[in-house]
């Protein structure tokens, strides 16, 4: 009978060992106790007689073809086994279609995959197609594997989609590869497709899919996968349960993760590590350390991952007392040679405040990676040693270590903290050279650096050139405008942002200071409504910013209500409220709030003491001011800085203790700056001490010769003392220096529109009505015995000219416009960029009494609440 490859599986031909023809050796023909073994896929074997002898029609050429095929396939496979891809490819290309078997193609493809030779792999694929072979089954799987291994996922996917595949291995390969490149959505799509075609998942499938769910934040999808794997009986599979634990921790479902761990009977070291890492990453580092202690108690052997996870937990809660013995243990266990451990160790030391120990670890490291250098740079930045961080960055480059994106963002943060604009620009040049400016995180860090260094134009340039912006980009730019005293630009950008991206809680915290700076109450209230609608009112930063906004918009009662509603007040909450009471002249309330903060167990910091000392100075609370100054030094061990000394000088000067203030400055342990002397100069103006004012002014002019504000202060002293000759000389001095006084302007918000008034400006639409109202009010004031304080006009002219000059002061114009435009009894809120003058102060008191409404005036120094002819400042302004 004639036997073909389709019908035959095994053939035996009886051959004696002494047969004259040698038996060919290879995978297809092997001698086994006198028999020759034939596998399917050969050419048609010779016809056999009943006796088993070969028919005369079987020609010698048939036998030679068999041996030739065996030799070609075996030779190529042998070359592949020894890794000789070049010769294997040459042989494959020379061979005829009929000579090659599927397993030969598979062997070459396997070697291409191992050697990552995509070019040869594509050539093999081309040969397969030209030879007319069907790409399916094992051959299809091997082609997909080759393309994926060589990094051509797209080609691998094309083959995969055309192969009817039921093997879970190939599905896992594709799902895992998409997960590796971060395309978790496509990985999940393939998982769903896999279920549709009926391919049953295994443990590797579930571990990868759960990681995808975690990366996507798809908690519901992960829970469905959990249910599916339970139905398939994987609830006791350690690798799957460990992946589930990690998934639930990633999604913040700490209790679900704990439940799985508690139910797992056969825990391995990965299970314990997952718990330690999960607790630490979810803000429960102490629980993570408890798990570690339990692990040690039960005798579970720790590995490198355990040590790294525990050090991360120590770093997150500054548990240096545990970090040090862990370091000693690691040395005994020989983990200190591992670069990953050393990187985590030096990061732990720097985050726990022991930078010296971090430096020692760093210096002893035999091998340092970019992570090592970046961790040290971050450590220096964290300690406020930005110069050291910048120095280390350049040392890193000299050592031939290329910075990565994390290094660049860290060094930009160092430049931002240090105010090093030149250093930041050098880093920006490096970024351009290395073509790293396409990175979103780098662009955001660049914007932040420029904004914090005061170069807002450079920040805006980076922002406008970004091809893609995320919410961090918008928030950084809005915050940069706010911090650089450009509130209008911040608000405009905020409105532009809303057309592109939905603002988040950080946006709210960035835009509220802009509203506060402008005293734009209506805008602030609109944003408050947005905060309430979007559930941001639980964010402590947002609430603190809201309190600050209402304080600076003059609505202290709203700020107090919000403050009282904060369930857990942090130091910033208390400090903002204390500063608010100080700004509005309620020193006693500020003192009471400060005491309440201490009683609540919140420790005041340097800023808290600046706020309370400021409050005391603006309310004339001399004894309380001294008491808090001493508490700061003696009880809280805070060394006073220039800001604290400035507050004390201001307090002494405002209360008339000018000689004491001068002696206090002379005894200061640190060199006084212009702010210190400026506070005393301000006191000299209040108490009309011309002689001391001249002495102090010379000190200030030496320190800040370009600051026109101090020249104006001295000019006020001369004008109020009617020393016109001295005032003339001062003006000539200002002229020689080419200095120009900042123009006084005031603004008032009416129906969401900010109306700006400049001193002496008659261009406003209602200028005539405003002028008539002010004239009428001044006439009424004269009838009641009030005469204009013409010394505040700062000009040497007759009384009529001086009075006319005073009438044009911007705050008067804004207050008059408020009376004309706002409904009766509605509070008038005016903001001025400079300090209010004495005449305008008296006018505001009279206006509040005459119009029967409250006027809240915020100048560059503080708030003035005018009501019924009185002011909240009580003369301390």
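The values are calculated or read from the model by the stated rules, or taken from the named source; none is laboratory data. Fair warning: this is a prediction, and the values are worked out from it, not measured in the lab. Neighbour counts run over all protein chains shown; Cβ positions are idealised from the backbone, glycine included.
Only residues that are surrounded by fewer than 20 Cβ atoms within 10 Å (Cβ to Cβ) and within 19 Å of residue 521 (Cα to Cα) were counted across segment 821-852, and they come to 8. Yes or no: residue 365 surrounded by 22 or more Cβ atoms within 10 Å (Cβ to Cβ) and either touching a helix residue (DSSP H, G or I) at 6+ places or on another chain (Cβ under 6 Å) or more than 27 Å from residue 444 (Cβ to Cβ) (or both)? Against the criterion (surrounded by 22 or more Cβ atoms within 10 Å (Cβ to Cβ) and either touching a helix residue (DSSP H, G or I) at 6+ places or on another chain (Cβ under 6 Å) or more than 27 Å from residue 444 (Cβ to Cβ) (or both)), residue 365 does not qualify.
Kindly check whether there is at least one residue in segment 631-643 that is more than 38 Å from the chain's Cα centre (by Cα) and assigned to a loop (DSSP other than H, G, I, E, B). No: zero hits.
Kindly indicate whether residue 136 is without any contact (Cβ under 8 Å) to a residue 40 or more places away in the chain and within 34 Å of the chain's Cα centre (by Cα). Steps first, answer last, please.
Numbers: without any contact (Cβ under 8 Å) to a residue 40 or more places away in the chain: yes; within 34 Å of the chain's Cα centre (by Cα): no.
Against the criterion (without any contact (Cβ under 8 Å) to a residue 40 or more places away in the chain and within 34 Å of the chain's Cα centre (by Cα)), residue 136 does not qualify.
Any residue at all in segment 767-774 that's at pLDDT below 85, within 30 Å of residue 523 (Cα to Cα) and either touching a helix residue (DSSP H, G or I) at 6+ places or on another chain (Cβ under 6 Å) or surrounded by fewer than 16 Cβ atoms within 10 Å (Cβ to Cβ) (or both)? Within segment 767-774, none of the residues are at pLDDT below 85, within 30 Å of residue 523 (Cα to Cα) and either touching a helix residue (DSSP H, G or I) at 6+ places or on another chain (Cβ under 6 Å) or surrounded by fewer than 16 Cβ atoms within 10 Å (Cβ to Cβ) (or both).
The residue that is farthest from the chain's Cα centre (by Cα), among those in segment 259-269 that are outside any loop (DSSP other than H, G, I, E, B) and surrounded by fewer than 19 Cβ atoms within 10 Å (Cβ to Cβ), is 263.
Evaluation of residue 627 against the conditions (1) more than 18 Å from residue 577 (Cα to Cα); (2) surrounded by 17 or more Cβ atoms within 10 Å (Cβ to Cβ) shows that the sole unmet condition is (2). Selection of segment 866-877 for residues being modelled with pLDDT of 80 or more and surrounded by 20 or more Cβ atoms within 10 Å (Cβ to Cβ) yields 866, 871.
I'd like the full set of residues that are over 28 Å from residue 705 (Cβ atoms), modelled with pLDDT under 85 and touching a helix residue (DSSP H, G or I) at 6+ places or on another chain (Cβ under 6 Å), limited to segment 722-766. Once the filter is applied, which keeps residues that are over 28 Å from residue 705 (Cβ atoms), modelled with pLDDT under 85 and touching a helix residue (DSSP H, G or I) at 6+ places or on another chain (Cβ under 6 Å), segment 722-766 yields only 752.
Checking each residue in segment 495-525 for being assigned to a helix (DSSP H, G or I), over 25 Å from residue 857 (Cβ atoms) and within 19 Å of the chain's Cα centre (by Cα) picks out 497, 505, 506, 507, 508, 509, 510.
Which of (1) under 43 Å from the mean Cα position of the chain (by Cα); (2) at pLDDT 90 or above; (3) within 18 Å of residue 733 (Cβ to Cβ) does residue 649 not meet, given it meets every other one? Residue 649 satisfies every listed condition except (3). Looking only at residues of segment 566-589 that are part of a loop (DSSP other than H, G, I, E, B) and in contact (Cβ under 8 Å) with a residue 60 or more places away in the chain, we find that the one that is surrounded by the fewest Cβ atoms within 10 Å (Cβ to Cβ) is 586. Of the residues in segment 164-171, not one is under 40 Å from the mean Cα position of the chain (by Cα), closer than 25 Å to residue 83 by Cα, surrounded by 20 or more Cβ atoms within 10 Å (Cβ to Cβ) and not assigned by TED's automatic domain parsing to the domain that holds residue 209. Flag set for residue 473, criterion: in contact with a helix residue (DSSP H, G or I) (Cβ under 7 Å, 6 or more places away or on another chain) and assigned to a helix (DSSP H, G or I).
Have a look at 391, 360, 301 and point out the one that is under 30 Å from residue 428 (Cα atoms) and either without any contact (Cβ under 8 Å) to a residue 24 or more places away in the chain or surrounded by fewer than 15 Cβ atoms within 10 Å (Cβ to Cβ) (or both).
That would be 391, the only listed residue that is under 30 Å from residue 428 (Cα atoms) and either without any contact (Cβ under 8 Å) to a residue 24 or more places away in the chain or surrounded by fewer than 15 Cβ atoms within 10 Å (Cβ to Cβ) (or both).
Among the residues examined, residue 558 does not qualify as out of contact with any helix residue (DSSP H, G or I) (no Cβ under 6 Å at 6 or more places or on another chain), surrounded by 14 or more Cβ atoms within 10 Å (Cβ to Cβ) and closer than 23 Å to residue 860 by Cα.
Candidates in segment 218-255 are the residues that are closer than 22 Å to residue 189 by Cα and part of a loop (DSSP other than H, G, I, E, B); of these, the one that is nearest to the chain's Cα centre (by Cα) is 251. So which residues in segment 846-860 are within 45 Å of the chain's Cα centre (by Cα) and without any contact (Cβ under 8 Å) to a residue 60 or more places away in the chain, if there are any at all? Passing the criteria: 854, 855, 857, 859, 860. Evaluate segment 682-698: report whether one residue or more is part of a loop (DSSP other than H, G, I, E, B) and more than 21 Å from residue 618 (Cβ to Cβ). Checking segment 682-698: not a single residue is part of a loop (DSSP other than H, G, I, E, B) and more than 21 Å from residue 618 (Cβ to Cβ).
Checking each residue in segment 710-764 for being touching a strand residue (DSSP E or B) at 6+ places or on another chain (Cβ under 8 Å) and in a strand (DSSP E or B) picks out 745, 746, 747, 748, 749, 754, 755, 756, 757, 758. In this entry, residue 412 is excluded by the filter for residues that are farther than 18 Å from residue 309 by Cα, crowded, with 16+ Cβ neighbours inside 10 Å, at pLDDT below 90 and not assigned by TED's automatic domain parsing to the domain that holds residue 311.
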